[in-house]
Amino acid sequence: MRLFGYDIKRHSPGEKREEKRPLSRPAGIRYYEPSGVPFYDFARSEILDALRMIASRLSNIRWSAATPFMATRKLFAFLSSDYLELVRRLFYDGYLVVATRPELHLVSVRSRSAQRSTEGIITVPLEAGEVLLPSLTFRATGHSDEWYLRDKLHFLNTINNSDLNLIENYGAMGILSPETDSSVAGAFFDEKEVEEMHERYRRTYGIRLGRWQVMITPRPTRWNAIELPIAALQLPQKRLYTLQAIYAALGIPKELSTYFENAKYENRNAAELDFYSSTIQSYGVLFTHLLEDLWREIAAENPALPRRLEFWFDFEGVPAMAEKKREAETSAREMYLFWQQIRDTDPENAETARLRIKDIIENL
């Protein structure tokens with residue numbers, strides 16, 4: 001009988017049953033069912049490396065508030081304590097929840113799981129003193145970045161697992177067999193002799209798996225080479241293409257990855273600037289909104305604090321950005337001197353020069 005896609009078989013009272021124990025599942029390995037062929041999650045470490053690149057740049061942010069309080073210091077300390085965890089939650093879950101009571105701490109997403117209605121409205125249950133921060137992708141689409149990258153991550157895992165399987169199961173190195181085929185005693189190997197030769201060969205040469213395993217046959221066997229043209233599969237090229245697509249989705253220039261070592265210093269410097277001015281800047285703005293929301297919750301419990309407070313950030317300790325800042329200051333200084341001379345020597349354009357000088361000072 002077949003029910004819900006499963007074959008249901010009734011055993012007779014005296015029929016012997018075969019017990020099948022489920023395969024053990026080591027951490028980090030997923031199994032195809034029912035064959036039990038291991039499928040390794042290589043992409044998990046690749047994503048971790050990419051998120052670490054983002055978190056390491058975020059650690060160069062210096063936070064400031066319009067009016068410093070002890071509470072603002074605690075906010076900055078909480079935000080800077082673990083950027084990797086904040087970025088990781090935004091990537092996998094699409095949002096994070098921060099509680100302000102009794103102390104600032106991240107709330108488990110499982111206890112605040114998002115609910116999607118039939119109309120497509122997403123709600124996240126919050127308790128008093130909790131703040132929700134959705135990622136830009138989640139706010140726009142209702143899904144996390146990981147949700148959109150699942151196909152690419154699976155493709156990357158498929159490429160790496162294919163490469164691993166080819167290494168471990170590439171084929172035999174050669175064949176050892178009797179020289180002649182004859183009915184004379186000793187002209188062929190029995191099973192015990194074959195096993196003994198296998199064991200002796202493994203002990204002597206340490207050859208165990210894949211193509212480096214030698215086939216030993218009981219009778220003369222002709223060797224026909226059957227090889228898969230691995231180069232034609234273009235696994236390295238596909239791996240780099242997939243990694244580049246993943247990096248692009250995360251806003252990471254490929255020149256900053258060790259996988260793409262052909263980038264020159266000038267290109268890496270420009271890529272670093274682009275990384276900060278686009279991706280890291282976006283995270284900074286996102287976390288600025290989080291600080292503002294957290295401050296409103298904290299101020300609501302303390303009447304002595306202002307209800308609203310302005311926050312901003314700057315980058316420090318970034319050589320590429322420091323060089324760019326020096327160039328901007330040099331250019332601004334030259335423009336300042338130019339318009340100052342116009343103001344002092346050209347009365348007709350003095351007002352225009354004054355406004356330009358004011359803009360230059362404000363931008364600095």
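Where a number appears in this text, it was derived from the coordinates with a stated rule and is not lab data. This one's a predicted model, so the numbers in the text were calculated from it and none came from an experiment. For neighbour counting, all protein chains shown are included, and Cβ atoms are generated from backbone atoms with ideal geometry for every residue, glycine included.
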Filtering GluC sites (Glu not before Pro) in the stretch 277-321 by DSSP loop and by at most 14 other Cβ atoms within 10 Å leaves E301, E310, E316
Going highest first, how would you order 282-289, 153-160, 344-351 by mean Cβ packing within 10 Å? 153-160, 282-289, 344-351
So, how do all the Cα-to-Cα distances of the stretch 57-109 break down into 10 Å bins, in percent, from 0 on up? 21, 49, 28, 2
Value of D in µm² per second that Stokes-Einstein yields for the stretch 36-163, Kirkwood Rh from Cα pairs, at 37 °C (0.692 mPa s): 194 µm²/s
Filtered GluC sites (Glu not before Pro), the stretch 76-169: DSSP coil and at most 12 other beta carbons within 10 Å: E103, E119, E127
